[in-house]
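> Before we start, here is the structure in question, set down as structure tokens.
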Amino acid sequence: MRTIFSALIAAVFFASCGNKPIEKSESEDPTPDQLAIEQVIQDGYISGLQNEGDSVKIDQNFHSQFEMIGHADDGSLWKRSIAQWRQGQIERRNRGELPNEGEKLITGDFEFIDVTQDVAVAKLHYYQGERLAYTDLISLYKINGEWRIVSKVFTTIE
């Protein structure tokens, strides 16, 4: 069984091996898959997880085996499951720290969405208010006709 980490590596590999990502531009219309992926990321990640702590939106758009992978200053990797991340955001909402508004509102700007059959990767510039805070690479699988977020790696913008 392919692990989520392997799927992420495969998606990044395919995106860099001559499969030019479909970049969003004013002159090209996005495909139905690209529109669906954008909606999944907007509803599940940006609105549901980051801004609202909405468990329904999170559950509808993330695969239950999702993992975010980050790296520490010493080069070691760490992982966070969607269950852990979801619980933390729900606790923030219960403490009154969510929903985000004004300068805390999270928005995203897609640089590209690359789709190859049932796998996709999206490059998203993540803003908190006006400040560019992260660049995310989000991997998705189309499972039973529905796109689901399965992994994320990111870099912090300083």
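> Can you name the residue in the stretch 128-158 that is within 20 Å of D59 (Cα to Cα) and among the hydroxyl-bearing types (S, T, Y) and is also most open to solvent (accessible area, probe 1.4 Å) among such residues?
Only one residue tops the list, namely Y141.
> Among the residues of the stretch 88-111, how many are under 16 Å from G44 (Cβ atoms) and exposed (fewer than 14 other Cβ atoms within 10 Å of the Cβ)?
Our first condition is that a residue be under 16 Å from G44 (Cβ atoms); within the stretch 88-111, this holds for 88-90, 93, 98-100, 106-108, 110.
After this cut, where a residue has to be exposed (fewer than 14 other Cβ atoms within 10 Å of the Cβ) as well, the list is 88.
Summing the residues that are under 16 Å from G44 (Cβ atoms) and exposed (fewer than 14 other Cβ atoms within 10 Å of the Cβ) in the stretch 88-111 gives 1.
> Do we find a residue being in a strand (DSSP E or B) and either of a type in the set (G, A, S) or out of contact with any Cys (no Cβ under 7 Å at 6 or more places or on another chain) (or both) anywhere in the stretch 91-104? Before you say what the answer is, go through the steps one by one.
Taking the stretch 91-104 first, the residues in a strand (DSSP E or B) are none.
No: zero hits.
> Now for a separate question. Is one or more of the residues making up the stretch 115-127 outside any loop (DSSP other than H, G, I, E, B) and open to solvent by 60 Å² or more (accessible area, probe 1.4 Å)?
First pass over the stretch 115-127, keeping only residues outside any loop (DSSP other than H, G, I, E, B): 115-116, 119-127.
Among the residues that remain, those that are also open to solvent by 60 Å² or more (accessible area, probe 1.4 Å) are: 127.
Checked against the condition, which is being outside any loop (DSSP other than H, G, I, E, B) and open to solvent by 60 Å² or more (accessible area, probe 1.4 Å), the stretch 115-127 yields at least one hit.
> Collect the residues in the stretch 128-156 that are of a type in the set (D, E) and part of a strand (DSSP E or B), keeping them in residue-number order.
Quick first cut of the stretch 128-156, residues of a type in the set (D, E) only: 130, 136, 146.
Of everything in the stretch 128-156, those that are of a type in the set (D, E) and part of a strand (DSSP E or B) turn out to be D136, E146.
The values are calculated or read from the model by the stated rules, or taken from the named source; none is laboratory data. Since the model is a prediction, treat every value here as computed from it, not as a measurement. Here Cβ is always computed from backbone atoms with ideal geometry, including for glycine, and neighbour counts include all displayed protein chains. The area values use the complete protein model at the heavy-atom level, side chains included, leaving out ligands, DNA and RNA. Shrake-Rupley method; radii C 1.70, N 1.55, O 1.52, S 1.80 Å.
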